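Enquirer: I'd like to ask you about the structure that follows.
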Amino acid sequence: MSGADMAKPLLGHRSIEGDPSTPPAAGRTIGVLGSGDFARSLAIRLVCSGFKVVVGSRNPKRKASLFPSAAEVTFQADAVKKTDVIFVAVFREHYSTLCDLADVLVGKILVDVSNNTEINHHKESNAEHLASLFPACTVVKGFNVVSAWTLQSGARDGNKQVLICSDNQEAKHTVAEIAQAMGFTPVDMGCMSSAREIENIPLRLLPAWKIPIFLALGLFLCFFTYNLIRQVIHPYIREQKNKLYKIPIEVVNTTLPCVSYVMLSLVYLPGVLAACLQLYYGTKYRRFPDWLDQWLQHRKQIGLLSFFCAALHAVYSLCLPMRRSHRYQLIETAVKQAVEKKMNIWVEEEVWRMEIYISVGIIALGLLSLLAITSLPSIANSLNWREFSFIQSTLGFIALVISTLHTLTYGWSRAFDENQYKFYLPPTYTLTLLVPCTVILAKIVFNLPCIQQRLLRIRRGWEKGRYVKFVLPSATGEYSSGETSSNV
């Protein structure tokens, strides 16, 4: 790749040099110590943002071709002398190689962009370790949560927050100006003690998803085991029939809607519990229990997992007629019908039940798709609060109601058929109805005028037992004021 090509960002973003909206930091000379992938991407982004870049390398001749032609690649000591702001793009274990530059680094701002391989791998953060090696320098932690791809792709791709921390306010302000000129959003995380937490952020694997994923897996294992007992183990013990072929498709397909349905109800159950606590205590200012607070914060992830299971259920259902076992069963049914000389096995009730069941299921999946799409940050940011609340709250509750109708039409009258109680265990769908029906009934109760008004007043700041001022119109049309207890 030529040097001219290296000077261009991967996605073809234009340089913002000469843009009147560019922060005053643009145009200054920035140093980069290191010649790895991150240093290369950082140099590209800095050049395209209007900065003069000097790259310090131990082998400048060999590394020069990796950087854009607009960037000067020289020895580390020469690069340090030409700038006051230096990005240290080397690993922690290589910090000691910079000790020979201690004299020329005096008074410089060092931006530590490194990360560890494990959370809390060292007793002190990399930035604190760097500051201890160069006490005459000002160290700023930043840009470690931004990937090399993000640096090259520019400011319109993904999350562009740059977390910054340092004990020196002026140094933080300088680095924040540089980040802003590069198209990022600087976030001040405080003093250098925050560096340890900032360095742990890129190492966490889906921290907000851990509890919802374990919840979904737990529900799946429970329902899968229950369905396995009913659909495979029961026929084998009672009738000596081998039904193991049902496990990969049929048992899984029976389990997925149960998980999806219960997970959807768990999205709205914490809101019901929160409303009950507010009504009980008569205030919105009392803190919820930690478990409920965590539950409320994970509703988005729970809802997306519910949609994921529902989508898998739809795909599995479409694949049911493709199974060879299904073809054998069709042929067997046709042969039995011919032997018994039955000309018509049409059952009107079963036909209508399946038609309604499938139609309602499609509607429920469509609403869940809408909820999932509006959960994406790019879509949610385009909606105002009322629109977002209507889709996530009102349409979400409608999706729960329609999912309940989908489940009921599937069951129809099976709950009253004793043949469905295998090992005296009720059909699986009857178990899934417990939590959703509780949520629906609670929502209906909360919408009663007497309860709805009281809950609305609490959420507007009303508190039980607190005296408040009120203003009432008199018979002459004038207003008179007074006081009353707010629990009246």
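The values are calculated or read from the model by the stated rules, or taken from the named source; none is laboratory data. This is a predicted model, so every value here is computed, not measured. Because the Cβ atoms are built from the backbone with ideal geometry, glycine has one as well, and the counts that use them run over all protein chains shown. For the accessible areas, the whole protein counts, side chains as well, though only heavy atoms, and no ligand, DNA or RNA atoms are used. Shrake-Rupley method; radii C 1.70, N 1.55, O 1.52, S 1.80 Å.
Enquirer: May I ask for the angle, rounded to the nearest 10°, between helix 324-339 and the longest principal axis of the chain, with both axes built from Cα atoms and the value confined to 0 to 90°?
Expert: 10
Enquirer: How many angstrom lie between the Cα centre of segment 140-210 and the Cα centre of segment 265-301?
Expert: Measuring centre to centre over Cα atoms gives 32 Å.
Enquirer: Another one. Below 8 Å between Cα atoms, with a sequence gap of 6+, how large is the relative contact order for the chain in percent?
Expert: 10
Enquirer: On to the next question. Separation of segment 344-419 and segment 99-119 by C-alpha centroid, Å?
Expert: Between the Cα centre of segment 344-419 and that of segment 99-119, the gap is 56 Å.
Enquirer: From Cα pairs below 8 angstrom and at least 6 apart in sequence, can you work out the relative contact order of segment 29-203, rounded to a whole percent?
Expert: 20
Enquirer: Continuing with this model, one more query. With a cut-off of 20 Å, note down the residues of segment 96-136 whose backbone N falls inside the zone around a label point 7 Å from the Cα of SER193 toward its beta carbon.
Expert: It comes to 120-133, nothing else.
Enquirer: Tally up the carbon and sulfur contribution to the accessible surface of the chain as a whole percent, 1.4 Å probe, everything protein left in place.
Expert: Accessible surface attributable to carbon and sulfur in the chain totals 60 percent.
Enquirer: Could I ask something else about it? Return the percentage of antiparallel bridges among DSSP beta bridges fully within segment 29-203, rounded to the nearest 5 %.
Expert: Just about 5 percent of them are antiparallel.
Enquirer: Express the C-alpha Rg of segment 29-203 as a ratio against the empirical globular expectation 2.2 N^0.38 Å, rounded to two decimals.
Expert: 0.94
Enquirer: Something else: Along the charge dipole of the chain, which of ALA171, PHE38, LEU456 sits closest to the positive end, that is, farthest toward it, with unit charges on the beta carbon of Lys, Arg, Asp and Glu (+1, +1, -1, -1)?
Expert: Toward the positive end, the furthest listed residue is LEU456.
Enquirer: Once you have the alpha carbon radius of gyration of segment 202-328, what is it after dividing by 2.2 N^0.38 Å, with N set to its residue count?
Expert: Normalised by 2.2 N^0.38 Å, the Cα Rg of segment 202-328 equals 1.40.
Enquirer: In addition: Between (1) 197; (2) 277; (3) 153, which entry matches volume of the Cα convex hull per residue in Å³ as derived from the coordinates of this structure?
Expert: Looking at volume of the Cα convex hull per residue in Å³ for this model, the match is (2).
Enquirer: Counting only DSSP beta bridges with both residues in the chain, tell me the antiparallel percent, nearest 5.
Expert: 25
Enquirer: Non-local amide H neighbours of VAL162 (under 5 Å, H modeled in plane, Pro and chain starts lacking H): which ones?
Expert: Amide H neighbours of VAL162, under 5 Å, 5+ apart: THR185, VAL187.
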